[in-house]
Amino acid sequence: MPGLEDLYREVILDHYRTPRNKGELPPPATCTEGTNPLCGDEIRLFLDVTDGVICDVRFSGHGCSISQSSASMMTAAVKGKSVADVRNLVHRFKEMMSIEESADEAPAPVGSMGDMEALRGVVKYPVRIKCAVLGWNTLLEALGGDS
Ligand code: ZN
């Protein structure tokens with residue numbers, strides 16, 4: 001019987017092999033670049049925001065399976081959502097990926113994050129966390145930074 005870890009690996013590989021919203025968008029869509037030098041991951045995020053809603057999103061780039069599949073999940077999760085909702089989602093994701101320094105087990109409970117739950121296992125490998133949050137940090141930057 002496949003364990004949860006195997007299931008998560010499948011979800012990650014699925015997004016890596018068949019990335020959602022891969023490509024580019026022409027201007028006036030914005031293009032924001034993000035890099036994770038530790039791993040050599042690169043992401044270019046194209047965002048079309050109209051009336052406070054993310055109408056369209058694409059990403060291109062290359063890197064490890066974690067960075068690319070996380071970016072794929074991110075684009076699928078934010079498309080059609082309001083900027084306010086997306087900011088909220090970015091924070092929830094980063095919260096999920098943060099290491100609690102006091103407790104090395106039992107990450108903070110989060111609501112249903114869909115496919116993104118698959119990335120939770122990455123928390124156990126601190127060097128990979130930067131891979132997983134790359135697309136999300138790039139998205140935050142594209143939205144004008146934290147607020
Ligand atoms: Zn990486």
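The values are calculated or read from the model by the stated rules, or taken from the named source; none is laboratory data. In this text, all values refer to a predicted model and were calculated from it rather than measured experimentally. Here the Cβ is made from the backbone with ideal geometry for all residues, glycine too, and neighbour counts use every protein chain on show. With ligands, DNA and RNA removed, areas are computed over all heavy atoms of the protein, side chains included. Shrake-Rupley method; radii C 1.70, N 1.55, O 1.52, S 1.80 Å.
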Exercise. Once the Cα atoms of helix 4-17 and of the chain are each reduced to a long axis, what angle between those two axes, in degrees from 0 to 90 to the nearest 10, is obtained?
Worked result: 30
Exercise. So, in the chain, how many Lys pairs have Cα atoms under 21 Å apart, if the pair is 8 or more places apart or on different chains?
Worked result: 7
Problem set entry | Globularity index of the chain, i.e. its alpha-carbon radius of gyration over 2.2 N^0.38 Å | 1.01
Exercise. Relative contact order for the range 4-142 using alpha-carbon pairs under 8 Å, separation at least 6, rounded to a whole percent?
Worked result: 30
Exercise. If ligands, DNA and RNA are left out, what is the accessible area of Cys39 with a 1.4 Å probe, given in Å² to the nearest 10?
Worked result: 60
Seminar exercise, completed: Phi angles of the range 67-77, converted by Karplus (6.51 cos²θ - 1.76 cosθ + 1.60, θ = phi - 60°) into ³J(HN,Hα) in whole Hz with x for Gly and Pro, give 5, 6, 6, 5, 5, 4, 4, 4, 5, 5, 7
For this session: Among Val83, Asn21, Gly114, flag the residue with its Cα farthest along the positive direction of the charge dipole of the range 4-142, charges on Cβ as +1 for Lys/Arg and -1 for Asp/Glu.
Result: Asn21
Exercise. What net charge do the residues around Leu13 carry, taking every other residue with its C-beta under 13 Å from that of Leu13, with Lys and Arg at +1 and Asp and Glu at -1?
Worked result: -3
Exercise. How many Å² of accessible area per residue for the chain, probe 1.4 Å?
Worked result: 54
Exercise. When the accessible area of the range 4-142 is split by element with a 1.4 Å probe, what percent falls to carbon and sulfur?
Worked result: 53
Problem set entry | By accessible area with a 1.4 Å probe, ligands and nucleic acids excluded, highest first: order of His62, His91, His15 | His62, His91, His15
